[in-house]
Amino acid sequence: MKNPIDFDRKHIWHPYTSAVEPLPTYEVVSAEGVRLTLANGKTLIDGMSSWWCAIHGYNHPTLNEAIQTQIKSMSHVMFGGITHQPAIQLAEKIIDITPKSLEHVFFSDSGSVSVEVAIKMAMQYWNAQGRIEKSRLLTIRGGYHGDTFGAMSVCDPETGMHERFQSVLPQHIFMPRPQSRVNEPLDPLEKTILEETFEKHHKEVAAVILEPIVQGAGGMWFYSAEYLKHISSLCKQYNVLLILDEIATGFGRTGKLFACEHAQVEPDIMCLGKAMTGGYMTQAATLTNRRVAEGISTDGGVLMHGPTFMANPLACAVSLASIELLLSDDWSNKIAGIETQLVNELAKYKSHSTVVDIRAFGAIGVVQTKEPVNVSALQKVFVKHDVWIRPFNDLIYIMPPFVIQPDELLDLTDAIGIGLDSIETT
Ligand SMILES: *Cc1c(COP(=O)(O)O)cnc(C)c1O
């Protein structure tokens, strides 16, 4: 075989890269706990949890066993006209742990698809009520909801990675990015903007869609719970549905099982994904309440979606095992410990010449730089110092597996300092 990295470079597309001049890739041959092992034998402490997913770390015996047990009875079967124990048990568990009013589950294969399903639910709901004018979505700047067309239409038009598609996307309504920070009250000026927007647009709006408290890939921004709370009350007042995208925040990442709990808010529709399977497979879910589910089903109405791999039994089995593993542990103390350590250790970079802002919330730490970073140069520095951190734009951020130990987390935050110094000198 030719040099595998050369083959990769020549023939395989990686996320958001050029086919002819891609960023460098590193070959990983195995992963265990919080460590990735590279083909050259080097091991790296993982700061990314494979994009929010691998909350229990890699190669976990409990999760391995769940998949191995399931594979012996069935790997997959169609979900049209068929049901199975893994789906039933997982749905029961998810309904049990999510806000009380959410009672109906639609399984799909990825986060973006679960957002498409959420949008369809909202549109179909108003359609079935004869309110066809309610066909737009309302959201905030700085959001990210996935890469498919419906999801792209509610991503931030600039930071959401999809600006080149603007001309073909449905035009939804964007409010400014929330300015009131997490753990702070809602700024009265922002409150007014929210109220004016609802007042002006509510008749044409089917739903508000938001990432609760933590905006992820659109800018790694943490905003006030009061902001979310106020949106939720305006939704009720103006008869607009609320969709919360918990794909990144769900399953403990922010210190609550679901980020909406910080604001004591119950959405009409909720999207789950990423950490649901513990990072083992791809699976997502869209949940809704009885009002929406029964509304869609008026006069024989059906929800028009049905992925081939819907409720894949392997994915359901490992999701259930991952959720049970999370709940069996003192997870909220673990997250609180990670948060305290991130707050303390990132604070020392606040006055670094290259830095504009540092922030930490739950098991997420962010250092925002003055200029966009050179991703491949910085990544090289990180790998040299035995950590896996993948910055984007002006953001160096980590969201490690929950099982990370304090000395390992210190290695990550120390490496960020080394990375910042390397920016300064280049
Ligand atoms: C990652 C993400 C998505 C998209 O999920 P995929 O599984 O990549 O399709 C949607 N919303 C949020 C908030 C995400 O972080």
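At a glance:
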| read-out | value |
| --- | --- |
| Cβ-based net charge around GLU65, under 15 Å, with every Lys or Arg adding one and every Asp or Glu removing one | 0 |
| Rounded to 5, percent antiparallel among DSSP beta bridges of region 65-328 | 50 |
| Alpha carbon convex hull of the chain, projected area averaged over orientations, nm² | 21.6 |
| Dipole in debye (nearest 20) - region 65-328, about Cα centre, beta carbon charges: Lys, Arg +1; Asp, Glu -1 | 160 |
| Nonlocal amide H pairs with ASP109, under 5 Å, H built at 1.01 Å | ALA284 |
| Average Cα contact separation per residue, region 65-328, under 8 Å, 6 or more apart, as relative contact order % | 30 |
| Pairwise centroid distance, computed over Cα atoms, of region 227-275 with region 1-19, Å | 38 |
| Relative packing of peptides 16-26, 240-250, 259-269 - highest average C-beta neighbours within 10 Å first | 240-250, 259-269, 16-26 |
| TYR58 long-range amide H proximity, modeled H, under 5 Å | GLU32, GLY33, VAL34, ARG35 |
| Qualifying GluC sites (Glu not before Pro) for region 102-167 [loop in DSSP, other Cβ within 10 Å: at most 13] | GLU133, GLU158 |
| Rg(Cα) / (2.2 N^0.38 Å) computed for region 92-149, rounded to two decimals | 1.32 |
| Ordering of 48-54, 75-81, 270-276, 176-182 by burial proxy (mean other Cβ atoms within 10 Å per residue, highest first) | 270-276, 48-54, 176-182, 75-81 |
| Virtual spin-label span in nm between ASN374 and ARG291, 7 Å along Cα→Cβ | 5.4 |
| Lys/Arg +1, Asp/Glu -1 at C-beta; region 65-328 dipole; positive extreme among SER135, SER73, SER322 | SER73 |
| Ordering of 146-154, 400-408 by packing [mean C-beta count within 10 Å, highest first] | 146-154, 400-408 |
| Mean accessible surface per residue for the chain, computed with a 1.4 Å probe while every protein chain stays in place, in Å² | 44 |
| Cα centre as origin, Lys/Arg/Asp/Glu Cβ charges: region 317-426 dipole, Debye | 320 |
| Of all accessible heavy-atom area on the chain, the percent that carbon and sulfur account for (1.4 Å) | 55 |
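The values are calculated or read from the model by the stated rules, or taken from the named source; none is laboratory data. Since the structure is predicted, the reported quantities are computational estimates derived from the model, not experimental observations. Neighbour counts run over all protein chains shown; Cβ positions are idealised from the backbone, glycine included. Heads up: the accessible areas ignore ligands, DNA and RNA and are worked out on the full protein's heavy atoms, side chains in. Shrake-Rupley method; radii C 1.70, N 1.55, O 1.52, S 1.80 Å.
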